[in-house]
Structures are given as C-alpha cells and as structure tokens.
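First the structure, in the form of structure tokens, and then the observations on it.
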Amino acid sequence: MGEACLDPAERLPRVELEALQLARIRACVERLQASGNGFYRERLAGFRASDLRSRKDLARLPFTTKADLRDNYPFGLIVTPMREVVRIHASSGTTGKPTVVAYTARDLDLWSEVVMRGLVAGGLTPEDVFQNAFGYGLFTGGLGFHAAVTRFGAALVPTSVGNTARQVMLMRDFGVTAFSATPSYSLTIAEVAAAEGVDLPSLPLRAAFLGAEPMSEAMQREIEARIGVTVYEQYGLSEIIGPGVAWGCSRRAGMHLQEDYFVAEVIDPQSGDPLPEGEIGELVLSAPTKEAFPLLRYRTRDRTRILGEPCACGRTSARLERILGRTDDMLIIRGVNVFPSQIEHALLGIPGLEPHYQIVLGTRADRQDDVRVRVEASVTAAAEHESRAALEARSRERLRSALGLAVEVELVASGSLPRSEGKAVRVIDQRRR
Ligand code: ADP
Ligand code: ZN
C-alpha cells in the first residue's frame, strides 16, 4: 500500500541507513559534549566521537536509564536554552516523579513526521475522518497524533479519551473512517457501542491506530472483529519522542522502526551486552537528532526482538516484533518467568471468556507467590449453561499448559471488571512483603 509514494528516507539501502545513523550519533555526542550540560559533561568525559566507526562501537557508549531521568528531574537533561523549548510533556510516572521531556519547534516537526509516516503506512488519505481517542494532555499519545493527522490533512476529530457513549455517537454520525486509541480503550468503545445498539462493523470505520500498551496477537484479532477495522499497531515512548518510534504496515510483519531518527539495539537486560539480531531482550533506543532532549542508548525496559530482513512493503527499516512486556512487568512466580501478555494470549483463545481480565498476585500460607486470574465469562457462555466449574477448569488447564505453571482462575460476571480509558491496569499486586 502506498509503496510508490514512499518517502525516499524510508527506502534507504541498509548500508546508507547505518552510515547515517552512525554519523548522527557521532554528531550528537559532540553536541552534548559541547553543550555545557553537567550530566553529559560527566557521562561523556573522555569519550571520543571519532571512535564510533561501526554499529558495534555503539556498545562503547554508556546507557541512559530511567533513573538518570529521575535524578535530573525536571529539566537536567534538556540541552537547549529554555527559550528554544516550545513543549514539555511528562509520562504518567506510576512510581514517584513523572519523566519530563521537552521539544523545540523542530523536534515537534520530527515527531509529526514519524507519526505521519505510520498513518500513510495504514493507508490514510486526506478524505479520511480521523477520531483521536488518545488522551490529550501531558501524555504524548493525544497531541502526538493530533499534530500528525493535522499535518497530513485528514479531518481530525479530537475527542481525547472518555465519554465513551459520545465517542460512539460521533463515530457513527461523522462517518469516522479511522481512529486512534489504546487497545484496551478501543475494546471499551466496542462494548459501549454494542450496549447502545450501534453496529461498529457496519460503519465506514476501516483503520485503527492502536498502541501505548501491550496487545497480544489474539487481542488484535478480537478488536479487528468487534470493530470491523484493520489494526495498525503503534509503538512509542515519551522519552524517545512519543508515538511514532515504530508502527505496523499493511504486511502485518512487525513495526517499522523509524531508524533514520532512532537507533535501536537489543541487549541482555542482566549483563547489558548487545544481543545478535533476532534475539529477544531489552530494547535500547537512541534519539540523536532531537534538539532539546536527545538521548543516547536509553534503556526502554521493553522486551522484544528486532527483525532485520526487508519487508515486502518496500520500506528498508528493521521491524520490532510485538512488545512482550516491560522487563519490570515480568512476574516471577514460583521461579517461572511470566509476562501478563502471555496470560492474555492464552485466555483469549478460550471460548466463553471475554477479553477483560486482571492478574491478582498474592502470598500463599507457605509464603510462596500465587497468581489468580480474574476473567469475565461471556453472557453467551452463561446462557449456554456450561457449568462455571467446567469453564474454570478448562481455563486453568489452558493456562497451565501455556505458562508451565498452575494458576487459579476466577470467573466473574461480564462487565464487572474496571474498564480502561488509557493504559489498562492488568496486574494487582497484593503480595505480603
Ligand atoms: P509510561 O512509562 O508512563 O507508560 P509512556 O506513555 O511514554 O510512559 O509509555 C511508553 C511505554 O508504553 C513504552 O515504553 C511501552 O512499555 C508501552 N508501549 C507503547 N506502545 C506499545 C506497544 N505498541 N506495545 C506494547 N507496549 C507499548
Ligand atoms: Zn512493511
């Protein structure tokens, strides 16, 4: 789709792309060293940009971590004078202080460009009516899509999150053809539409640009069926720029990294050593061309792998596989590593269950961790009189074989778990420490 009109930057031969990346990293190192910024003066002391001769040499550069951002809260890592900063965002910061990021006018241009390329990859045209149901505000999702859709020239409906019945009404009344939201909020929209008697699949809705939280393959298919759209997955994080870091194309073969601006590596999260292409580990990203808030080798804590083979769509960028979860989301249950996304994947394959679940961690009498999965049974399952015990047993068995671990399953009534407007809260930790 749209291959003929690809931006030449999206078709750069790999060798040229890698040379460009390296040149940009080198220029960034020099700029940071010359900036007079205290953090970088120390961090990059004695480092010679000219020592970066191949991609392998990236490993010589120190990492930047979330802790570095926190320690320099709020503005310590901004390297341009405040008069050049035109926007400040902050991520939710579930623990402690939020993470603060800043943009110059050129940074905002770069941001809208990378998000816009993803809209083009999803076949968006200026004829489209686009409902942006990402939250507006400090969170980068809302304003990130807002700027890109506006620059692209589709008709933007800036609903933000919430007031779901009105979202559904506007989708129908305005003939909305494309929308953006988190995966969990798009399910909330689907549910409210069903309750209001609006049949989303029969509307002109065609494309959904969903991201900001993990979405299993099964969840993606579920959303596509319930809403009648093709889902184009979006990945990003505010530290790097917001949405637009990587996004899916029509070939459904992972998410294209915007490598001319963001340099990606995958490392072993324990040792910090780079892993060979194709191996699963922690994603590390550099954003060397950003003016106000460049980052070198930022440890995202997101677990994924990079697929390097060329994509059939014609873009030469490497692709990120679906994010498995954050390294700090990983549950270690009686010695077994489990990601919430694995539980989601297993649950969604079980007929009779709804895609609404919570993972409750507790402590057993013998002080071992225990996991209980609370999941909604569908109304039809209840109507079919499959005994609750049989459905629970079937679910337990499925999870046991998928995870290699016995977990309790508790069926709850359809509609009883909290619904999400932004990022869903999947894990409730009630462990006694
Ligand atoms: P916060 O840390 O407050 O959630 P952000 O809003 O910047 O801050 O969220 C970025 C994070 O959201 C990413 O590091 C990643 O964990 C998650 N994320 C974003 N897009 C996706 C996606 N497509 N799949 C899985 N996780 C995603
Ligand atoms: Zn592609």
Quiz item: Can you give the relative contact order of the chain as a percent, counting alpha carbon pairs under 8 Å and 6+ residues apart?
Solution: 14
Quiz item: Quick one: what Rg and Dmax do you get for the stretch 227-322 from the alpha carbons, in Å?
Solution: 13.4, 44
Quiz prompt | C-alpha long axis of helix 164-173 to longest principal axis of the chain, angle in ° | solution = 80
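Ranked from highest to lowest mean number of other Cβ atoms within 10 Å per residue, what is the order of the peptides 221-232, 57-68, 362-373? The partial results should precede the final answer.
Working: 221-232: 18.7, 57-68: 15.2, 362-373: 13.6.
The packing order, highest mean first, is 221-232, 57-68, 362-373.
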Quiz item: From a point 7 Å beyond the Cα of R252 in the direction of its Cβ, which residues of the stretch 111-134 have a backbone N at a distance under 20 Å?
Solution: 118-124
Quiz prompt | Distance in nm between pseudo-label sites at A389 and I280 (7 Å out along the Cβ direction from Cα) | solution = 3.6
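To the nearest µm²/s, what D does Stokes-Einstein give for the stretch 330-429 at 10 °C and 1.306 mPa s, using the Kirkwood radius over alpha carbon pairs as Rh?
114
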Quiz item: Reported to two decimal places, what Rg/Rh ratio describes the stretch 1-328 when computed on Cα atoms with Rh from the Kirkwood expression?
Solution: 0.97
Quiz item: In degrees from 0 to 90, rounded to the nearest 10, what is the angle of the helix 14-34 Cα long axis to the longest principal axis of the chain?
Solution: 70
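If each residue of separation counts as 0.36 nm, what is the full-extension length gain between E408 and N163 once their alpha-carbon separation is subtracted? Show your work: numbers first, answer last.
Values: separation 245, 0.36 × 245 = 88.20 nm, distance 3.44 nm.
That pair, E408 and N163, stretches by 84.8 nm at full extension.
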Self-check item: Label-point separation, V86 to V379 (7 Å along Cα→Cβ), nm
Solution: 4.9
Quiz item: Hey, with R₀ at 56 Å, roughly what FRET efficiency would A27 and L361 work out to, going by the Cβ-Cβ distance, to 0.05?
Solution: 0.75
Quiz item: Cα centroids of the stretch 32-104 and the stretch 184-227: how far apart, whole angstrom?
Solution: 37
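Among 116-124, 273-281, what's the highest-first ranking by average C-beta atoms within 10 angstrom per residue?
Values: 116-124: 23.1, 273-281: 13.9.
Result, highest mean first: 116-124, 273-281.
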Quiz item: What fraction of the DSSP beta bridges in the stretch 330-429 is antiparallel, stated in percent and rounded to the nearest 5?
Solution: 60
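FYI, it's all coordinate maths here, none of it is from the lab. This is a predicted model, so every value here is computed, not measured. Every residue, glycine among them, receives a Cβ derived from its backbone with ideal geometry; neighbour counts consider all protein chains shown.
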